Amino acid sequence: MCGIAGIFDSRARREQDRALVERMASVQRHRGPDEGGFHFEPGVGLAHRRLSIIDLSTGQQPLFNEDGSVVVVFNGEIYNYQELIPELQAAGHVFHTRSDTEIIVHAWEQWGEACVERFRGMFAFALWDRKRETLFLARDRLGVKPLFYTLLDDGNFLFGSELKVLLVHPQLRREIEPQCVEDYFALGYVPEPRTIFRGVFKLPPGHSLTLRRGQPMLASKPYWDIRFTLDNRLDAASACDELIERLRESVRLRMISEVPLGAFLSGGVDSSAVVAMMADISSEPINTCSISFDDPAFNESEFAAQVAQRYRTHHHVEQVASDDFGLIDELARLYDEPYADSSAIPTYRVCQLARKRVTVALSGDGGDESFAGYRRHRLHMMEERMRAALPFGMRRPVFGLLGRVYPKADWAPRVFRAKTTFEALARNSVEAYFNTVSVLRDAQRRRLYSASFRAQLGGYNAVQIFHEHAARAGTDDPLALIQYLDLKTYLVGDINTKVDRASMAHSLETREPLMDHKLVEWLATLPSDLKLRGMEGKFILKKALEPYLPNEVLYRPKMGFSVPLARWFRGPLRERVRESLLGERLADTGLFNTAYLRHLVDDHQAGRKDYSAPLWTLLMFEAFLRNVMGDETVAGSQRMMAG
């Protein structure tokens, strides 16, 4: 795993500032502490920070083709590189290393932009072809590895593995994009392709971007998308058998390493499945890492211990205090833009633990999206059955009125919250699911924003992102549709972002077998009732794993990776919340209705309502302003409000 950075002069061949490119590399040294490399030629500056995993002796980057005319900087792993080498050698290409990186330059020479279609893995890379005067960037299909970019006014194109790489450049204006503020307070992250900064972008998953010197910059274009055909008519037993074989293959590919390797083991179904397959493949005991919590309500360590004991792993556990909230500012600096998933705290800690033992760790991320494992999937399907019973034209006015007048019952399980149910029934499927996953729902966001900021948004609502993705989903199946939305939004913007930054902060490479694109494609052919059957999510995965894992692990309620926010904000973080949310920094932005901020804080701390999620989202926004915007907070906000 590595960090990449670079500058490309899209108009001419002006010499690039070497010291600037070196600074762009140095701010992400944590991504690659082992080595650093650079390449400069007229108009081009490329940088690489290396975390050595494969071909430790000769895999240095930037890496070139035979005549030095093609050079690449690469972050990730191409798992099928050993299969591609003979094919490329037969076509006349000469290899000088044993690294997966060299595959990229020869594949580009052989197949051009279509080279990415041949790669199986997680990757983000930038390739410069001097003869064609072309810069080519690509990101893996599921967005495991990040890639940020921007085009400056002077024609210089910047890219990097983290947003902080671009922020080093003195000409990059830190102007907040208003619509992305709305996106953040709806979802808790800024979804692809935008970032919190105007004119700065993330390359979307499954996309490439080609720039040719002297030609206008074109939009990125997709080379892959998932299609939920649901047309595979395997019976359940046959599907279980094939699933195990496909999962085993995906895990086997990700166990290729020349450095110590292990796995995260939370005690949930997904990470336990990965560990079971690893133990089945490995001739030696594998390393597993877990964290426990001193609060029993958040502690899954006993289930992780069952799996570790069954497979005789070298199991390492460390306890995290339930008041482990000292990472707030560190997280803000780590993520570079507002990010509000509080499970980033335990994720940071488990990566910290794992790095003491291994350099590569396999995780179970991606299973909930492909197997329909979230509680919200079950609730959405219950609502869908009710929505199907009445036409939309009748539902919207009737249930919309009931949703407005019925009192809230936040204390009750959601299925018994009539107000929430009425609101869901008054919406179409996409809007209802967006409402379900929103951190602050539409009415809350309207109250949160100042009148001037609402006017600046001009009616924009973050649900537009879901509508745009839904239009490309290519399925009318209600479960497949929300799985598609998850794969395009939550998986990339929340889960992959969280794991990449937390692991790279500790120079740890994480690999995700359940996000293998061939496995994901196959799962998208299975009927939805093999994923969600009745109220049982991950049906086919759990059935397939019954010979491998105890029922106590497979069929217990999903716990999640949570922290006790509600208690923190009424106890040890009480004053910090008041100072951060009711202080001058948020007020000076002009974004917020200060009376509503006070309502959120006062009602939560008095115990009248649980506003822990909105408060955490605001707390992390304030931490972003303080740690990333710094002295530009006020000036940047004024520019934004004027813009």
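Assorted remarks:
- Segment 231-274: C-alpha gyration tensor shape, a/c 1.5 cut-off, then a/b vs b/c: oblate
- Net charge of neighbours whose Cβ lies under 12 Å from the Cβ of TYR490, counting Lys and Arg as +1 and Asp and Glu as -1: -4
- Mean ellipticity per residue at 222 nm, deg cm²/dmol - from DSSP H runs of n ≥ 4 across the chain, formula -39500 (n - 2.57): -12500 deg cm²/dmol
- Accessible area per residue (1.4 Å probe, heavy atoms of protein chains only) ranks HIS380, HIS314, HIS599 as HIS314, HIS599, HIS380, with the largest value leading.
- Computed accessible area, LEU234, all protein chains, 1.4 angstrom probe, square angstrom: 50 Å²
- Anisotropy class of segment 1-125 from Cα gyration tensor, a/c 1.5 cut: oblate
- Full extension of the segment from LEU234 to LEU390, taken as 0.36 nm per residue of separation minus the current Cα-Cα distance, would add 52.8 nm.
- Close amide-amide hydrogen proximity is noted between ALA263 and ASN287, THR288, CYS289, LEU362, each under 5 Å apart and 5 or more residues distant or on a separate chain (H modeled in the peptide plane; Pro and chain starts excluded).
- The modelled label-to-label distance between GLU249 and GLU546, using points 7 Å beyond Cα along the C-beta direction, is 2.5 nm.
- Calculated log₁₀ intensity ratio I(q)/I(0) where the Debye formula runs over C-alpha points of segment 446-572, q = 0.09, 0.13, 0.23 Å⁻¹: -0.44, -0.89, -1.36
- Exceeding the 29 Å Cα-Cα cut-off - candidates LYS356/LYS518; LYS488/LYS543; LYS145/LYS356; LYS488/LYS542; LYS356/LYS538; LYS145/LYS558: LYS356/LYS518; LYS356/LYS538
- Placed amide H near GLU35: partners under 5 Å, 5+ positions off or other chain: ARG50
- A simple spin-label model places the labels of ASP34 and GLN306 3.8 nm from each other, with each point 7 Å out along Cα-to-Cβ.
- If the chain linking VAL317 and GLU66 were pulled fully straight, counting 0.36 nm for each residue of separation and taking away their Cα-Cα distance, it would gain 85.6 nm.
- The relative contact order of the chain comes to 16 percent, based on Cα pairs under 8 Å that sit 6 or more residues apart.
- If the segment from ARG576 to TYR460 were pulled out straight at 0.36 nm per residue, it would be longer than the present Cα-Cα gap by 38.6 nm.
- Over all other residues within a Cβ to Cβ distance under 9 Å of SER363, the charged ones net out to -2, with Lys and Arg as +1 and Asp and Glu as -1.
- Area accessible to solvent at LYS488, 1.4 Å probe radius, in Å²: 40 Å²
- Accessible surface of LEU390, taken over heavy atoms with a 1.4 Å probe and every protein chain present, rounds to 60 Å².
- Where ARG194, ARG233 fall by accessible area, highest first, once all protein chains stay in place (1.4 Å): ARG233, ARG194
- For ARG139, the residues whose amide H sits under 5 Å from its own are GLY206, HIS207, ignoring neighbours fewer than 5 places away on the same chain, with H placed 1.01 Å from N.
- Two-decimal Rg/Rh across segment 540-601, once Rg and the Kirkwood Rh are taken from alpha-carbon atoms: 1.37
- Inter-label distance, nm, simple model (7 Å from Cα along the C-beta direction), GLU15/TRP224: 4.1 nm
- In this Cβ point-charge picture (+1 for Lys and Arg, -1 for Asp and Glu), the chain has a dipole of about 1780 debye about its Cα centre.
The values are calculated or read from the model by the stated rules, or taken from the named source; none is laboratory data. Please read all numbers here as calculations on a predicted model, not as lab measurements. Positions of Cβ are backbone-derived with ideal geometry, glycine not excepted, and every protein chain shown enters the neighbour counts. All accessible areas refer to the heavy atoms of the entire protein, side chains included, with ligands and DNA or RNA removed. Shrake-Rupley method; radii C 1.70, N 1.55, O 1.52, S 1.80 Å.
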